[in-house]
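What follows is calculated from the coordinates using simple rules that are stated; it is not laboratory data. If you're wondering where the values come from, they're calculated on a predicted model, not measured in any experiment. Here the Cβ positions follow ideal geometry from the backbone for every residue, glycine too, while neighbour counts run over all protein chains shown.
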Amino acid sequence: MSLFETKVREALANPLNQGELEDADAVGTVGSPECGDMLRMWLKFTEKDGKRVIDRASFQAFGCQTAIAVASMATELLRGKTADEAKHLTAQDLTGNLGPLPPMKIHCGQLVEGALRNALDQDAVAAPTDPKAGTMAPTLASSLQPKTGGTLRIVPID
Ligand code: FES
């Protein structure tokens, strides 16, 4: 087992920041066209030293173990970052202690990056001070419930 795989296993033993953030300011969802996995990320901002920074981030994933491990790391390292700083983070930046993503796992990290960017885009659209922004977002699980008589179709979100 590679060092990366060992670290993924360790992260999965205690994944951090899983679940919906009830009072989130922004939520982003992305689906991978490569594997059909999905990930949703919530962001909550706060004011610190005159800057608006990420206070908390959380995620839900229907994805592989790597995506969950990266999301766990990413939601930790996003704390204290401004939206602009977060926007410039790549999938490789978001892996934290996991180290570099192996080539076969890059799209797993990009799933996390995509959800983050989507959330930041939503945040840029919503009024930052709108207390209701993001609070009505359904959970990823509820949004995946098949509609009566319908079929589930996964559509990547830019
Ligand atoms: Fe789909 Fe990793 S295999 S996100």
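Looking at 36, 28, which one is over 13 Å from residue 115 (Cβ atoms) and either of a type in the set (Gly, Ala, Ser) or surrounded by fewer than 17 Cβ atoms within 10 Å (Cβ to Cβ) (or both)?
The unique qualifying residue is 36.
Residues are listed down the side, and each one gets a yes or a no for (1) buried (at least 18 other Cβ atoms within 10 Å of the Cβ); (2) within 20 Å of residue 4 (Cα to Cα); (3) in contact (Cβ under 8 Å) with a residue 60 or more places away in the chain; (4) hydrophobic (A, V, I, L, M, F, W, C):
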site	(1), (2), (3), (4)
24	yes, no, yes, yes
58	yes, no, no, no
68	yes, yes, no, yes
86	yes, no, no, yes
94	yes, yes, no, yes
108	yes, yes, yes, yes
111	yes, yes, yes, yes
Original post:
(1) more than 12 Å from the ligand (Cβ to nearest atom); (2) within 16 Å of residue 11 (Cα to Cα); (3) assigned to a helix (DSSP H, G or I): which one isn't true of residue 112, the others all being true?
Top reply: (1)
